[in-house]
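What follows draws every value from the coordinates through simple rules; no lab data is involved. Worth saying up front: this structure is predicted, and the values here are computed from it rather than measured. Backbone-built Cβ (ideal geometry, glycine too); neighbour counts: all protein chains shown.
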């Protein structure tokens, strides 16, 4: 059975307009499944940010940690990661563990019953028999979406059904990466942090120069492998909902690596001002783009997806145009965070380790943010937000007395 | 060292009569090890059913779940699965997690110390040093039995010893599959379920036609790969202890796939009325066997065990005779559950997905039953039945007030 | 990037004198990282022994276990084992689980982001983002030491930093094996065990012949693959700090398998009396060495490290000279424990199973000791010793009333 046949029963559902589908992935304003980055609207992002901040604060004390660990201690998760991933996998594991969720994993489809010709949908339904949420990462683009449809269908028939979380599917969607990127951006450009809880060490440097709060009214510079990086695609889509956003896309002038035409068009239709460049040293209206950026988002050339033609092309490119250097960062705005979805390529060196000590280097904290943001997502999806707030309020009360 | 040499020290013990061995696997009427399906007598099955039902009920509430998770929170399990398995493995994981048992796994003998020429028995003794129960699945037929003998020997010498649970060994034994199948059958044909807790949606349909309670006085139809399916062998053996049981065995007329002669003889000696057929459309005394069955147990052709001769033979068979179809189910009794140990073969299609919506389709609930039944087994073996009952009684009390 | 380049930034730090480095791996008399066996001084070993004994005692009751499981329930560990290991891995898992530490694992570097050319140090920093301790086993000799330097550097920069535990690195260091071996030796030659808690069944046999308490004033006989066994190297180094220690090294007369010249010299400089032999039947001053030994430490020939020349050489050796037999143990002192780091080689048979029933056979208890000793190490490193003592004292109080 080829995948197309396998998912053919969902073909019609898949082809419906986006807004129809979105409404099926939520219930009473709460996410039922997280499949597409488009589900992350600004209101939800703000709610998740507040919860992630609470979890982060609670985790600073032993008592807080133990309270958190009781929050979802009655839940069991399946991490179904047939596409290799260490970072996203461990980040979800840690997020589950913070909340007491028991974790299970299947990482190699070959060792699973699929080698006995079990259909993928039977595997998913088996997981849903034993566990309370399925977090899945796969190379098959629409797989997690079909799983969500299957769960909805079971629910309609009054049968057991569990939430699906897309932890990366195909080349297109990686909504929880967009979530953690947005959490990092919201924290960076937020105003409501006290000195004690300031999100990053460079906030102080901003004080002289008032930066507009929130993700709007900003210039985002994306650099690297923009054609194949689902993180950039997902993040750019989510950012497009904010006001007065400008995006600079810096990549080799190459069909594989540059931003996809269709997505560019969609962003422009949403009101985003988009510009493309082929070097970090490029200028716009005579000013260096690096000096214009409020946020720099670097990415790795994903060589594992290269064809032999791609290899040939890239060997002839000057990748130095897509690396940051101390000289380049010296020209960047003092408040502009340097982000990267990681892993970075230690050979190409798009971000050399000499940058790590820069106060704007945000990529390690960004990774840790992923853990808090994913924990917040689980709290939200399991409808434990109120209980989290209660624990958090009690903590403050106890500290005050 | 070849396996025969390795287990030679247990040769004499292995060759003793069954009843002598059975008595060594229990203590004071409680299972010490679960190695053979023959250990599952009707009284024990009934006790495990009641416990599994309690666990199932308690798991419906957060509070109940948290109480369950404390029940065996002081125990650690080793899941030693050198034979690939997803379903049984995950089902045991979930069962452990429900009760708070911490899980550890070794799934690839090659990565273990056996590659350093450690003997299997040294590996087992290592596991027993660190963990409190060993749940094992292996292709070596007598391995788990020898492990139970080793543990008993250590116990006699006042040394550390832990329970062994056979989660599938060789072609012969899969006692916990028989346990979950029996749990499903006991629930299906039980009378003491209130409306609130009815085991399946088709019980209501039975109301018109009084079905005798319990597994006795029934006709079981087994279909598919009966020669190599250890689940059918184990279940048929266990069912043979009930009164007036009739079994129909439907398989290709082929030495590899049909029921083993020796087992058939043993069943008949136990008083079971056995009949063999070579198509689901066969008749007995002029009546279609499908219309006579109170329970249909389908199985998958286990192609992974095929020789090239088997492949050749099967390519010439008409496997359509061993598939159910909507037409065939339409002729079945309204109360007859359709069971399958899963995974099902999505290519051969012995149960097409179009059957899944049939209220008699029991196979997904059967899988979930495996989790409850295995949890009950752990409670029983760790002697926590009384504490479970206490938790359960308190729950009812609290609900009543 | 080759490993040398990768660690080049730490080259200078690595080359500093041992005592300078040791001081960086501790803080206020407590281990910050455990990298080198030299960190295990006699005072620390005694503290860890007492804690391990407390944990062992508490684990005998359900209540004690549950209290222990709360001790570090707010902590998450990463077990980063890129060198295959079952025993050390499972022992650390069990140690973590006893204390409620949540475990995560990466066991195959190939599936991790290193395949995307992530540097090893970026991987480590990712782990430190998500988890609270990194327990690592690797074939790269200085890797764990460099990780400790990295963590110290981050700490200096007020960034997140976690403890590193070396669970075996290269051919050189295996400090936690030395720890468990020392725990076993300290228990064996300790005087403060009551009848109830006597460490081994052969203590009673010692009563006639007064053995000096403690590891000093003893003769240790090491036998087998002494050239490549990091366990022997680590243990011998640690033992050298005690008074009047004599060591007999019995190995084939072969550059690969005999004790390293440099280490021998270092031991002699520490005041240890060292002698080399080439058979367990050798004599010293006319007396068989076996009759002189207070402790026999057997090891396995590590064939997996053999070159083809080694294979050839060993096929011509008489390995019978390096196996114990009932005849040989019959000549040993009644109080001399027989130790082995395990796994033992079931083909070479350096310890045949017929010895297992000997009351001096300590190797299985030694393995279980590893679990208690590693749990004590975690309590110590996470600064929970006082809380452990409090739990332990309460236990005694409750038992007394």
Q. So how do A:186, B:14 line up by other beta-carbon neighbours within 10 Å, fewest first?
A. B:14, A:186
Q. Taking the alpha-carbon set of segment A:1-51, what are its Rg and Dmax in Å?
A. 14.2, 45
Q | Cα→Cβ-extended label distance, 7 Å offset, between residue B:331 and residue A:325, nm | A | 8.2
Q. Starting at 0 and stepping by 10 Å, how many percent of the alpha carbon pairs of the protein assembly as shown end up in each bin?
A. 2, 9, 16, 20, 19, 16, 11, 5, 1, 0
Q.
Considering all projection directions equally, how large on average is the shadow of the alpha-carbon convex hull of chain B, in square nanometres?
A. 21.2
Q | Average projected area [Cα convex hull, segment C:220-305], square nanometres | A | 5.3
Q: Would you mind ranking B:106, B:139 so that the residue whose beta carbon has the fewest other beta carbons within 10 Å leads the list?
A: B:139, B:106
Q.
Just to confirm the numbers: residue C:284, label point 7 angstrom along the Cα-Cβ line, distances to the other copies in nm, shortest first?
A. 8.0, 8.0
Q | CD proxy at 222 nm, helix term only [per DSSP H run n ≥ 4: -39500 (n - 2.57); per residue of chain A; nearest 500] | A | -12500 deg cm²/dmol
Q | Against the rule of thumb 2.2 N^0.38 Å, how large the Cα Rg of segment A:201-361 comes out | A | 1.02
Q. Per residue of C:341-349, how many C-beta atoms from partner chains lie within 10 Å of its own C-beta, taken as a mean?
A. 5
Q) Taking other Cβ within 10 Å of each residue's Cβ, how do A:234, B:354 sort, fewest first? A) B:354, A:234
Q: Compute the relative contact order of segment B:201-361 as a whole-number percentage, counting only Cα pairs closer than 8 Å that sit 6 or more residues apart in sequence.
A: 26
Q.
Taking R0 as 25 Å, what FRET efficiency do you get between residue A:41 and residue B:62 from their Cβ-Cβ distance, rounded to the nearest 0.05?
A. 0.30
Q: One decimal, nm, shortest first: give the distances between the label point of residue B:17 and those of the same position in the other copies, each label point 7 Å from Cα along Cα→Cβ.
A: 7.9, 7.9
Q. Which distances, in nm and shortest first, link the residue A:66 label point to the same label point in every other copy, taking 7 Å along Cα→Cβ?
A. 1.3, 1.3
Q | Stretchable slack from residue C:383 to residue C:6, in nm (0.36 nm times residue separation minus alpha-carbon distance) | A | 132.5 nm
Q) So in the protein assembly as shown, what percent of DSSP beta bridges are antiparallel if you round to the nearest 5? A) 15
Q. How many Å³ per residue does the convex hull of the Cα positions in segment A:272-327 occupy?
A. 128
Q. Which Rg and Dmax, in Å, describe the Cα atoms of segment A:41-93?
A. 14.0, 36
Q. How many nm is it between the label spots at residue B:265 and residue A:19, if each spot is 7 Å from the Cα in line with the beta carbon?
A. 7.5
Q | Using distinct alpha-carbon pairs, which all enter the 1/r mean, Kirkwood radius of segment C:47-153 in Å | A | 15.2
Q) By DSSP, what percent of the beta bridges with both residues in chain B are antiparallel, rounded to the nearest 5? A) 15
Q: Stick to Cα atoms and the Kirkwood definition of Rh, then tell me Rg/Rh for segment A:333-401.
A: 1.18
